[in-house]
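Colleague: Just dropping this structure here.
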Amino acid sequence: MTTSLRDLQERGLGATLRRDAWWVAPALTALVLGSFAVYSTWAAWVGKNYEWGPYLSPFYSPLVNAPWFPFSPAFLILIFPLGFRTTCYYYRKAYYRSFFLDPVACAVGEPRHAYRGETKFPFILQNVHRFFMYAAVVFIFILSWDVIEAARWPVNGVMADGAMAPGPRAFGVGLGTLVMLVNVILLASYTFGCHSLRHLVGGQVDCFSCARGGRARYRLWHGVSALNRHHMLFAWCSLFSVALTDVYIRLCAMGVIHDVRVF
Ligand code: FES
């Protein structure tokens, strides 16, 4: 007698004939995504130690002054990158599996028998991803500007409290500058490989050579597609890099570590 997928579904969540460790991937995903959510919320909440010398944490960029807002202004910023990641096609798959267990893995019983897709509230709101993508592209330029600023060192050095000493600034690179640079490269690789962006530049075109600006659109689509093929990899790498960049700057600001001046 054979067991069909429908049989497994009817037996309920976790029913499977699989003998491999299928639960490791969703468990690890839940652990990493959950840890990132806790850390980023804490980092935004504390509202201090987010800058040192010419460095600014990506969680607080751009710096906003919002005295009317009762919480840390970082929350006003984080809503855009977090909205972008939360509605990302890849992350949707990851957290549907790891947090909702629906479906938890291939050929493993699910918590419900009917499939409704994302056609009902609240999941229909995932369609706002394209609008978060527009904001995320703007953030790439903002964070790139932060890297340029992080390569402009105060000639009179950095004071004990982490503030830049008054006076002119000159070109210089510290380890933090490189950390911020790698972070923005990974974030750009993730953002510019977005499925929505790929559709925006190359979708709805049956024939590039017949469309207006077709050659440029083809090149753009080709570039986005190249990044899109590794979207999952860049999703994870950029998640780690943005958290580690904040950690590095925070530890410098707290005096736990000392930044290394490269040149
Ligand atoms: S699909 Fe992942 S960022 Fe748009």
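Colleague: For a paramagnetic label modelled at 7 Å from the Cα of Phe99 toward its Cβ, which residues of the stretch 26-60 fall within the zone defined by backbone nitrogen distances under 12 Å?
Modeller: Once the point is set 7 Å along Cα→Cβ of Phe99, 30-38 turn out to lie under 12 Å by backbone N, inside the stretch 26-60.
Colleague: Could you tell me what percent of the accessible area of the chain is made up of carbon and sulfur, with a 1.4 Å probe and every protein chain present?
Modeller: Details: 10140 of 15190 Å².
Reported share for carbon and sulfur atoms: 67 percent.
Colleague: Assuming R0 = 41 Å, what is the FRET efficiency of Met254 and Gln204, from their Cβ-Cβ distance, to the nearest 0.05?
Modeller: Working: r = 50 Å, r/R0 = 1.23.
According to the calculation, E is roughly 0.20.
Colleague: Quick one: plug the Kirkwood hydrodynamic radius of the stretch 184-235 (C-alpha pairs) into Stokes-Einstein at 20 °C, 1.002 mPa s, and report D in µm²/s.
Modeller: On the way: Rh = 11.1 Å.
Rounded, D is 192 µm²/s.
Colleague: Using Cα atoms only, what is the angle between the long axis of helix 74-86 and the major principal axis of the chain, expressed in degrees (0 to 90) to the nearest 10?
Modeller: Between helix and principal axis, roughly 30 degrees.
Colleague: Something else: With a Förster radius of 22 Å, plug the Cβ-Cβ distance of Val137 and Tyr89 into 1/(1 + (r/R0)^6) and report the FRET value to the nearest 0.05. Please list the in-between numbers first.
Modeller: Details: r = 17 Å, r/R0 = 0.75.
The pair Val137/Tyr89 has a calculated efficiency of 0.85.
Colleague: Here is a further query. Can you tell me how much longer the chain between Arg212 and Tyr39 gets when fully stretched, taken as 0.36 nm per residue apart minus their C-alpha distance, in nm with one decimal? It would help to have the intermediate numbers written out before the result.
Modeller: Values: separation 173, 0.36 × 173 = 62.28 nm, distance 4.60 nm.
Gain in length upon complete extension: 57.7 nm.
Colleague: Among the chymotrypsin sites (Phe, Trp or Tyr not before Pro) within the stretch 4-102, which fall in a DSSP loop and have no more than 10 other Cβ atoms within 10 Å of their own Cβ? All intermediate terms of the calculation are to be shown ahead of the outcome.
Modeller: Details: sites: Trp22, Trp23, Phe36, Tyr39, Trp42, Trp45, Tyr50, Trp52, Tyr55, Phe59, Tyr60, Trp68, Phe71, Phe75, Phe84, Tyr89, Tyr90, Tyr91, Tyr95, Tyr96, Phe99, Phe100; in loops: Trp22, Trp23, Tyr50, Trp68, Phe71, Phe99, Phe100.
When the chymotrypsin sites (Phe, Trp or Tyr not before Pro) of the stretch 4-102 are filtered for loop state and at most 10 Cβ neighbours within 10 Å, Trp68 remain.
Colleague: Enter the mean projected area of the convex hull around the alpha-carbon atoms of the stretch 79-136, in nm², rounded to one decimal.
Modeller: Values: hull surface 17.0 nm².
If you wrap the Cα atoms of the stretch 79-136 in a convex hull and average its projections, you get 4.3 nm².
Colleague: Quick one: which residues, 5+ away or cross-chain, put their amide H under 5 Å from the amide H of Phe99? H built at 1.01 Å from N.
Modeller: Those lying under 5 Å, H to H, from Phe99: there are none.
Colleague: Still on this structure: Between Met159 and Val173, what length in nm is gained on full extension when 0.36 nm per residue of separation is reduced by their alpha carbon distance?
Modeller: Working: separation 14, 0.36 × 14 = 5.04 nm, distance 1.73 nm.
This chain segment gains 3.3 nm when fully extended.
Colleague: For the chain, which cysteines have no disulfide-compatible partner, meaning no other cysteine Cβ under 4.7 Å?
Modeller: Cys88, Cys106, Cys194, Cys237, Cys252
Colleague: Run the Debye formula on the Cα coordinates of the chain, all scatterers equal and no solvent, and tell me log10 I(q)/I(0) at q = 0.10, 0.11, 0.15 1/Å.
Modeller: Log10 I(q)/I(0), no solvent term: -0.65, -0.76, -1.14.
Colleague: Still on this structure, please answer the following. Would you mind giving the average projected area, over all directions, of the Cα convex hull of the stretch 116-242 in nm² with one decimal?
Modeller: Details: hull surface 47.7 nm².
Projected over every direction and averaged, the Cα hull of the stretch 116-242 covers 11.9 nm².
Colleague: Which residues make up the longest stretch of the chain that has no trypsin sites (Lys or Arg not before Pro) in a DSSP loop with at most 16 other Cβ atoms within 10 Å? Intermediate results must be reported in sequence, preceding the final value.
Modeller: Details: sites that count: Arg18, Arg19, Lys48, Arg112, Arg116, Lys120, Arg212, Arg229.
Counting at most 16 other Cβ atoms within 10 Å as exposed, the longest clean stretch of the chain is 121-211.
Colleague: Any idea what % of Cα-Cα pairs in the stretch 110-183 are farther than 21 Å? Please list the in-between numbers first.
Modeller: Details: 1484 of 2701 pairs.
Result: 55 percent of Cα pairs exceed 21 Å.
Colleague: Sticking with this structure for a sec: Using only DSSP helix segments of four residues or longer, with each worth -39500 (n - 2.57), what per-residue ellipticity at 222 nm results for the chain after dividing by its residue count and rounding to 500?
Modeller: On the way: 9 runs with 139 residues, N = 263.
It comes out at -17500 deg cm²/dmol, rounded to the nearest 500.
Colleague: Starting from the Cα-Cα distance between Tyr115 and Ala25, subtract it from 0.36 nm times their residue separation and give me the gain in nm to one decimal.
Modeller: On the way: separation 90, 0.36 × 90 = 32.40 nm, distance 2.24 nm.
Length gained between Tyr115 and Ala25: 30.2 nm.
The values are calculated or read from the model by the stated rules, or taken from the named source; none is laboratory data. Not measured: the values here are computed from a predicted model. Note that each Cβ is placed from the backbone with ideal geometry, even for glycine, and that neighbours are counted across all protein chains shown. Side chains included, ligands, DNA and RNA excluded: accessible areas come from the protein's heavy atoms. Shrake-Rupley method; radii C 1.70, N 1.55, O 1.52, S 1.80 Å.
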